Amino acid sequence: MTEAAVYDVENQKVNPGQRLAMNYFVAAMVLFAAQILFGVIAGLQYLNPDLLYNQLDFSVVRMVHINAMVVWMLMGFIGSIYWLVEDEAERPLVGAGLAHLNFWILSVAVAVVVVVYLFVQIGPGELQSIWLINEGREYIEAPRWADIGIVVCVLIFFYNIAATFMKGKWSGISGVLVLDLVALAGLYLAGMWFTPNISADQHWWWWVIHLWVEATWEVLVGCIMAWGLIRTIGADRRIVTTWLYIEVAMMFGSGILGLGHHYFWIGTPEYWLTIGGFFSALEPVPLVAMVVHAVYDSGRHGFKSNNHPALAWLIAHAFGNFFGAGVWGFMHTLPQINLYTHGTQWTASHGHLAFFGAYATIVIAMIYLAIQKARGDVWMSGDLPGNGWRWKWSLALLNIGVLGMTMALLVSGYEQSFTERALEGSTWSAYFQAQQTDWFMQGMYWRVVFGWVTTAGIVLLLWDLLTIGRTETRPIAQLPKLAEAVPA
Ligand code: HEM
Ligand code: HEM
Ligand SMILES: [Fe+2]
């Protein structure tokens, strides 16, 4: 897709960082669509295991589904940061040319990795396959050549962002953001080493997976949320920054040792049962704070915003994060419960709601903010003539679709834990028996039904993103000033 197809290059008022951000957003949405496509295929393969068997096996479909997700979310985050960096630093992006080159290298590398996944689906697990084909670590399966490339790309990105802030202005938001990027990039290294000991391998792999989504990604979206609230509703910077500090402290306080909830059954010492159970049970607390913060601030401004779709998605993020990560995570985080639910569809239920609720939502919010400016700072509040239904319907269909899948998976997961673990005592045959029960299969069926709802949602979303604001002539709504003085 060309840039021109996405936004009006002649009339655009975006700065170089924002231009680059648009590229990242386009790439992210293409991968989001791919994620959904492969999700639907994987869901159908549960109902009909012969589907594409020996052509496009479930293992490969699932891998593309979740790796596309991780990459599109990271691209969405990178785009969001490039979008806000110049405004926040009050100076032009440092190294814009290099940053553009970086985008293309990264995108081509991602495409090559996916094509290799699809063409070389099976083969021996050798050092050569680790280097060239697939590293075999769920969610971050990229082969080592790509791993090294990713590290270089991330370093360039970090240079662009940190140097821009260093030459320009620092703020509370940018300070937290830059420190968080150091942690986020550093953690990726933990997922790059090979050891034949599966316990040791998993031990380090979780440093990436858990510490990303439950610590550094959460902090990152906290920064984006803070910035987004200032933009969409004119929230007071001092208030959002104070909230950000509180949330970050709580997030790291619980999320870092909360890592232990993945060390229950993988051959690590037993003390992790206590540490993991205790600290991960505290993890929902900062997520409650985030809901309170977002809703309180929006309510204080009477939900008057200059960008309704973006604000709606920011609120969807606050609730989605709280329910998907906080509530659905809490449900199975105590070792006494996890003993039964571990690795069942219960986990998949939580995985879907958490990733969608916490991360898909906020990237979509940022894209709506970006599109508004790219289309010439046009009106995007209520009363959108003609096509105002599209963003509302895509918001509804995507959220209902994912929530429906989550509930369906929960039913399957419940039945699976009950039959396989509680009744039959985790035997090999119980594993298969559980997955043939009626309740389990009905959940799998309903997952696909809601999968189609989700698919309809993304089709509408992409259509809306391509068109919203194009024919709008009214300028962006002015945010009302707060009547009462804001306490310091
Ligand atoms: C946005 C943040 C979060 C995301 C995106 C997320 C996502 C996921 C995903 C995808 C898995 C499955 C990993 C695998 O393939 O094995 C998982 C596992 C798990 N998550 Fe989360 N999660 C988040 C936050 C939380 C929180 C806050 C808690 C606890 C309060 C939690 C508790 C758990 C537990 C206990 C497991 C292990 C499940 C098992 O034993 O099979 N998660 N999470
Ligand atoms: C059309 C919609 C979708 C369908 C039909 C679908 C289907 C699937 C299937 C069949 C799996 C494999 C589960 C297994 O191994 O048992 C899966 C895994 C996963 N999907 Fe989706 N998916 C969809 C959309 C999404 C969305 C929107 C997200 C998040 C933004 C997402 C995140 C995940 C994650 C994190 C996993 C790994 C879960 C785990 O290992 O526990 N999916 N999905
Ligand atoms: Fe975790």
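The values are calculated or read from the model by the stated rules, or taken from the named source; none is laboratory data. All values reported here derive from a predicted model rather than from experimental measurement. Virtual Cβ from ideal backbone geometry, glycine too; neighbours counted across all protein chains shown. Surface areas here come from the heavy atoms of the whole protein model, side chains and all, with no ligands, DNA or RNA. Shrake-Rupley method; radii C 1.70, N 1.55, O 1.52, S 1.80 Å.
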Within the stretch 388-436, the residues that are of a type in the set (S, T, N, Q), touching a helix residue (DSSP H, G or I) at 6+ places or on another chain (Cβ under 7 Å) and outside any helix (DSSP H, G or I) are Ser426, Gln435
Review point. Within the stretch 332-353, is there a residue that is away from ligand 2 (no atom under 11 Å from the Cβ) and under 18 Å from Leu461 (Cα atoms)?
Key: no
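In the stretch 85-177, which helices (runs of 4 or more DSSP H) lie fully inside it and hold 2 or more residues that are polar (S, T, N, Q), over 30 Å from Asp57 (Cα atoms) and in contact (Cβ under 8 Å) with a residue 40 or more places away in the chain? Let's see the steps before the verdict.
Working: elements: 96-119, 127-132, 144-167.
Qualifying helices (runs of 4 or more DSSP H): 144-167.
At least 2 residues that are of a type outside the set (Val, Ile, Thr), under 21 Å from Phe355 (Cβ atoms) and in contact with an Asp or Glu (Cβ under 7 Å, 6 or more places away or on another chain) in each: list the helices (runs of 4 or more DSSP H) lying fully within the stretch 179-293 that qualify.
Counting at least 2 such residues, we get 217-233, 237-258.
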Reported set for the stretch 178-200 where residues are in contact with a helix residue (DSSP H, G or I) (Cβ under 7 Å, 6 or more places away or on another chain), touching a residue at least 24 places away in the same chain (Cβ under 8 Å) and not aliphatic (A, V, I, L, M) is Asp180, Tyr188, Gly191, Phe194
Ala358: passes all of (1) within 12 Å of ligand 2 (Cβ to nearest atom); (2) open to solvent by 20 Å² or more (accessible area, probe 1.4 Å) but (2)
In the stretch 41-68, anything surrounded by fewer than 17 Cβ atoms within 10 Å (Cβ to Cβ) and within 20 Å of the chain's Cα centre (by Cα) is listed as Arg62
The condition of being buried (at least 20 other Cβ atoms within 10 Å of the Cβ), out of contact with any Gly (no Cβ under 7 Å at 6 or more places or on another chain) and farther than 27 Å from Leu479 by Cβ holds, among Pro269, Pro286, only for Pro286
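To keep it simple, each residue is scored yes or no on (1) in contact with a helix residue (DSSP H, G or I) (Cβ under 6 Å, 6 or more places away or on another chain); (2) within 16 Å of ligand 1 (Cβ to nearest atom); (3) not basic (Lys, Arg).
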| site | (1), (2), (3) |
| --- | --- |
| Glu218 | yes, yes, yes |
| Gly228 | yes, no, yes |
| Arg238 | no, no, no |
| Thr241 | yes, no, yes |
| Met251 | yes, yes, yes |
| Leu259 | yes, yes, yes |
| His262 | yes, yes, yes |
Practice item. For the stretch 264-283, indicate whether the set of residues that are over 20 Å from Ser174 (Cα atoms), within 13 Å of ligand 3 (Cβ to nearest atom), in contact with a Ser or Thr (Cβ under 6 Å, 6 or more places away or on another chain) and polar (S, T, N, Q) is non-empty. Key: yes
- Message: For the stretch 311-326, check the following and say yes or no: at least one residue is more than 30 Å from Asp464 (Cα to Cα) and surrounded by 20 or more Cβ atoms within 10 Å (Cβ to Cβ).
- Response: yes
